[in-house]
Structure formats: C-alpha cells, structure tokens
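Structure first, then comments.
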Amino acid sequence: MPSSDNHSSDPSRPARRRAMEAFAASDAHTLAAAWDAIAGEAPVTSLRGPEVGLVMLQGRIGGSGAPFNIGEASVTRASMRLASGEVGHAIIMGRDADHARLAAQLDAGWQRDDWRAAIEAMVVGPALTKQEEADRRSAEETEATRVDFFTMVRGDE
C-alpha cells in the first residue's frame, strides 16, 4: 500500500528545502518584518512548540571513518498551521523560540502560491546571497593558506 506521505515525486521539495534553510539562517527580526509585511495579522495555530531540545552531533574522521559523537547542541523546533490549512515546520540551532515560530510560519506561508514570491524576495533571496558571500570569503581565506607540496623538486634530476 503506497504511503500518503511520499514526497519523492514532489517537484517543489528542493525549493522548499532551500527556503527552509534560508529561514533558519536568517535572524528573527528579518523573519518578523517579512511576516508582518506579507501576512500581517493572519491567524496561525501552533501545532507543536516552539520547544527546546538537544540533538547529538556526529562526525567522521577522514570522511570515511566510523562516526563518533562530538557532543550535543540545543535546537528549537516548531510546527505552525495557517488558517488556510498549510503547515510549516522549523528546526533552529539554539534556543530562540521566536525564530523557530516565525520560520515555521514562513514555511507554511511559502507553500501558498500567492505569498511565495514575496517570501522569496524578502527572505530567501537575501539570506542565500548573504550565505554565498560568507562561503566565498571563507574559501578565499582558506585558499590564502594553501600549501602546494608538489612544487618541491626531487634530487634525482
């Protein structure tokens, strides 16, 4: 019997994941301003939380070794439902309940065709641009410290 929760054929899944990552990377003030501008006083129901919990972080040595536990990190999760029926979810690193609530609300709002473009323009696009810039700076800083070991000449020649 096929599962009714099968999202493998949903073409919007990668786009929604991208938007959810942007909501998590944005700050609560940016999300609040976007929500106020787009949805205003739209009724929202809390399905879960926001609630704070812990997750175990794992790492691998060399990328292919056995996993090991690094430690725990605080996360806040929330699930919100709009009056029109869309349900949004968010898991945010840290203990910011407002951030998780707003991220879940915007995830639900992103699912509405009439709000998606505004949310993309006000939150998703700027957050992804900011993240790309941070990644570029980090890559430049890393490249500046790179050592090329193949420039050494062997004594046989």
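As I understand it, the value is the acute angle between the Cα axis of helix 13-25 and the longest principal axis of the Cα atoms of the chain; what does it come to in degrees, rounded to 10?
The two axes meet at around 80 degrees.
Can you tell me the orientation of helix 125-144 relative to the chain, as the angle in degrees between its alpha-carbon axis and the longest Cα principal axis, to the nearest 10?
Tilt of helix 125-144: around 10 degrees.
Can you give the calculated 222 nm mean residue ellipticity of the chain, where each DSSP H run of n ≥ 4 adds -39,500 (n - 2.57) and the sum is split over every residue, rounded to the nearest 500 deg cm²/dmol?
Value at 222 nm, helices only: -13000 deg cm²/dmol.
Carbon-plus-sulfur fraction of the accessible area of the chain, 1.4 Å probe, in percent?
Reported share for carbon and sulfur atoms: 53 percent.
Taking a ≥ b ≥ c as the square roots of the Cα gyration tensor eigenvalues, with a/c under 1.5 meaning rounded and otherwise prolate when a/b beats b/c, else oblate, which class fits the stretch 58-151? Don't skip to the end; give the middle numbers.
Values: a/c = 3.17, a/b = 1.69, b/c = 1.88.
In terms of gyration-tensor shape, oblate.
So what's the net charge close to Arg137: Lys and Arg +1, Asp and Glu -1, counting the other residues with Cβ under 12 Å from its Cβ?
Once positives and negatives cancel, what remains is -4.
Under a plain spin-label model, where a point goes 7 Å from the Cα along Cα-to-Cβ, how far apart in nm are Ala42 and Leu54?
Simple spin-label model gives 3.7 nm for this pair.
Please give the per residue accessible area of the chain, computed with a probe of 1.4 Å over protein heavy atoms only, in Å².
Spelled out: the 1.4 Å probe surface of the chain, per residue, equals 68 Å².
What's the whole-number percent of alpha carbon pairs in the stretch 15-103 lying beyond 17 angstrom?
Tail of the P(r) past 17 Å holds 56 percent of the pairs.
Can you pull the semi-axes for the chain, root of five times each eigenvalue of the Cα gyration tensor, sorted largest first, whole Å?
The answer is 38, 20, 17 Å, longest axis first.
The values are calculated or read from the model by the stated rules, or taken from the named source; none is laboratory data. Everything numeric here is computed off the predicted structure, so don't read it as measured data. Neighbour counts run over all protein chains shown; Cβ positions are idealised from the backbone, glycine included. Ligands, DNA and RNA are stripped out before the accessible areas are found, and what is left, the full protein with its side chains, is counted by its heavy atoms. Shrake-Rupley method; radii C 1.70, N 1.55, O 1.52, S 1.80 Å.
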